[in-house]
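Novice: A single structure is presented below for examination.
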Amino acid sequence: MELNRRNFISLMVGGVAGLHITPLPWKLTDDIAIWTQNWPWVPVPPVGAFNKVKSVCTLCPGGCGIEVRRVDERAVKIEGRTDFPVNPGGICPVGMGGLQLLYNEDIRFTRPMKRVGPRGSGQFADISWKEALGLLGERLSGLRKAGTPEAIAAIDGNPCRSTISTLIERLLKALGSPNYLRTPSVEDTYSLVNLIMQGTEGPMAYDIENSDFILSFGSGLIDGWGSPGRMINAWGMWREPEMRGKVKVVQVEPRASNTASKADQWIPVLPGTEAALALGMAHVIIKEGLYNREFVNGFTSGFGEWSSLVMKQYSPTQSAKITGCQADEITALARAFAKSKAPVALCGRGKGTLNGSLYEFMCIQSLNALTGGLNRIGGVLVHEPLPLGPLPEVTFDEVSRAGIQKARLDQAGTPRFPYAQSLTSLFSKAVFEGKEPAVDTLLVFGGNPVHTLPDGGLFRKALRNIPFVVSFSAFRDDTAMFADLILPDHSYLEKMDESIWPAGIQYPLYALSRPVVKPLYDTQHCGDTILHLAKQMGGSIAASFPWKGYEEILKQRVKGLFDSAKGLVTYKGTNPVWKTMQKTQEVTPDYKSFDEMWNKLKSGGLWFRPAHSYGRWDTIFKTATGKFEFLSSRLQLAVQSYLRQNQADIALAGMGIGAGADAACLPHYEEVKQAFNAKDYPLTMVPYEIINIASGWIASPPHLNKTIFDDQLLKEDSFAEINPKTASQLGLKEGDLVFIESPAGRIQVRINLFDGAMPGAVFVPLGFGHIGYDEFTKGKGANPNYIISPQMDPLSGQPVWWKTPVKIIKV
């Protein structure tokens, strides 16, 4: 039988689904307890009274509620909370294993340290907090005295909008540096799409529990996307007998992930062509008049210009040539989506942690607009940001006032990247290529950029040109191995912290974690470390940080929630929020004073507003036109300011836009241009994420190694998935040891023949290839981020990590 695309799908629907419904993955976990008894650091609880502490997991942006069982003061088990609206009892494998991140001294830093060996060796010597803060304060003060505060930079991996991130950015401003950067996140792309199409600054809020047609463009709904506990619960609800046939889930991605193989329909597309599929669907919806005329005609702007582009360039036949789909399949999908009562289109690949493509997300959001799904039950709800209390203005002195005016190293906010807040790849490039050190001191907070940045190892190379690197990590992560000074944070179970509106949640929610155990080691809350540093440095910097402790800052921010006179701090769990909010436009607070609210918030861990005003299309959009904009007025201003007379296309190419001036401000498909000969790199590498492997800045709990199959990781080798037909053409067989090489470098992996892999592509898992942490993590497998070519997404400037041209070389 010829292995064309249609037969490829037919083979996979049965084969892959059958694999994933076997009990094998769950049987593998049965002997974890026995296996782990031999680890010397595993805590053995004393005889004592059982008690439970409620908190919130902050290992990822999902913000799931957790309940920690303790024996006396020792934590022994983590479970999902049933009295928390985000994840009714659900929790992901990484969250369940959090105790192994708490008690494992081989993973954690237990006290301040300074480097005594070569960078990357992990050789450190213990020092006191007084000495550590003294070293850092002296370094920063010296740069300010020299009039070069811009030589200080910070990279922040904490959740956006969080208090700790606000504090870090505030520190950089007070010092006088414009070089505050954030690690790339899907929230960056969500926020940008909402801003340029809706004029709003609130988060992306998907009302998926009330939808009857979920069209997911690569979102790993049961692979860790959003809040994993929420999605596990929702998926189970959709599959209950009384719900069968009432909710359809369609997964669009080039690989048969768990989500794709368990969805009602899987649409394989060529990597990076999801936008073209969305536009092909839009063509059908517009041509057949299936769009919501009330919304489109009355509450959108630029529909005429965009529909002309779509009708001219993105027919199902034209889209099929780009995506590899069949034209009739695109047509049928468009009709089914548009004719559903409450369809919703989702975006954000994998777990939804890394950034997406701006134009792709615009195309997908346009599908929601066409069907009138914005601010509608089961669609995408439009919100304002959480009403958190503001902090006072930063106090500037002459040095900081002059320094903050200097140009950013990453070019974010320039005419070329007008709406970018942070561009780590361009920062790394500027530092690496600079003849003299552009950055003297780098501060790293809540992230592991050496491992997680999809930049072909450019950041790691750039560290060679930075004389002094400071890590505030709780863990011995990859980046910390290159640090000169360690000021360790508490672990998430030892401190009070927050989760600001977990990703994708459809209602406003502020979650507050609480310490479930006292700090085990000589570590310190990162927020308090910043306060101590500021007080030590004195002057305007100390004046910018008038608080006595981090909790005082949290209270000041939470006061804004109280002043809004909206929301609840108690969730009884009897009715899901997604049900009750349909019937309620406003709620009466269940507290009378701020002190009562704060105490309840500390105890229960959340403030939420289970109410929403659906519809209201006439007041929700804050664009220049007051409408949803297919033709973005913000993009028009940005493009016009960058264009040079008679050289429009050349100038647009400088912004990464190749589709021309007419399409630049509209949702369209943008092919990323390659700077090398495609014949030299005939395959496409696509990184993917696994729910039971941490792929962010934390390490996976060691017990999860037992849940990894031998065709994912075998001893020190991880595996790349490749279609058998492609493997045959390359002369490869199962288990072969190969190099995957791109223009940025090469990694070594073994071959796993997988019928669920799109022909012509090679799929490599994220989360392996660490150079930090402990023996169960270090040196296990390969990290595809190290060979991702430094390509930039048009206009946004963020890295294109979802497709990299590669070739395979047999070892």
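Novice: Take L354 and decide whether it is out of contact with any His (no Cβ under 6 Å at 6 or more places or on another chain), over 25 Å from K583 (Cβ atoms) and open to solvent by less than 10 Å² (accessible area, probe 1.4 Å).
Specialist: no
Novice: In the range 90-116, which residues are loosely packed, with under 15 Cβ neighbours inside 10 Å and at pLDDT below 95?
Specialist: Across the range 90-116, the qualifying residue is only E105.
Novice: With respect to the numbered conditions (1) surrounded by fewer than 17 Cβ atoms within 10 Å (Cβ to Cβ); (2) under 30 Å from Q100 (Cα atoms), which one is the sole condition not fulfilled by G696?
Specialist: (1)
Novice: Return only the number of the condition from (1) in a loop (DSSP other than H, G, I, E, B); (2) open to solvent by 20 Å² or more (accessible area, probe 1.4 Å) that I657 does not satisfy.
Specialist: It is condition (2) that I657 fails.
Novice: Tell me, please, whether a residue that is within 16 Å of T183 (Cα to Cα), in contact with a strand residue (DSSP E or B) (Cβ under 6 Å, 6 or more places away or on another chain), crowded, with 20+ Cβ neighbours inside 10 Å and among the hydroxyl-bearing types (S, T, Y) can be found in the range 464-472.
Specialist: So far as the range 464-472 goes, yes, one or more of its residues are within 16 Å of T183 (Cα to Cα), in contact with a strand residue (DSSP E or B) (Cβ under 6 Å, 6 or more places away or on another chain), crowded, with 20+ Cβ neighbours inside 10 Å and among the hydroxyl-bearing types (S, T, Y).
Novice: Is it true that V439 is in a loop (DSSP other than H, G, I, E, B), in contact with a Leu (Cβ under 8 Å, 6 or more places away or on another chain) and at pLDDT 95 or above?
Specialist: yes
Novice: Does at least one position in the range 776-788 carry a residue that is farther than 30 Å from M362 by Cβ, touching an Asp or Glu at 6+ places or on another chain (Cβ under 7 Å), small (G, A, S) and touching a residue at least 24 places away in the same chain (Cβ under 8 Å)?
Specialist: Yes, because at least one residue in the range 776-788 is farther than 30 Å from M362 by Cβ, touching an Asp or Glu at 6+ places or on another chain (Cβ under 7 Å), small (G, A, S) and touching a residue at least 24 places away in the same chain (Cβ under 8 Å).
Novice: While we're looking at this one, here's another question. Please return the ranges of strands (runs of 3 or more DSSP E) entirely within the range 735-806 where 2 or more residues are open to solvent by 10 Å² or more (accessible area, probe 1.4 Å) and at pLDDT 95 or above.
Specialist: In the range 735-806, the matching strands (runs of 3 or more DSSP E) lie at 737-742, 745-753.
Novice: If you take the residues of the range 279-328 that are open to solvent by 40 Å² or more (accessible area, probe 1.4 Å) and among the β-branched types (V, I, T), which of them is nearest to L666 (Cα to Cα)?
Specialist: Per the criteria, the residue is I322.
The values are calculated or read from the model by the stated rules, or taken from the named source; none is laboratory data. Remember, predicted model here, so these are calculated numbers, not experimental data. Glycine gets a Cβ as well: all are built from the backbone with ideal geometry, and neighbour counts include every protein chain shown. Only protein heavy atoms, including side chains, enter the accessible area calculation; ligands, DNA and RNA are left aside. Shrake-Rupley method; radii C 1.70, N 1.55, O 1.52, S 1.80 Å.
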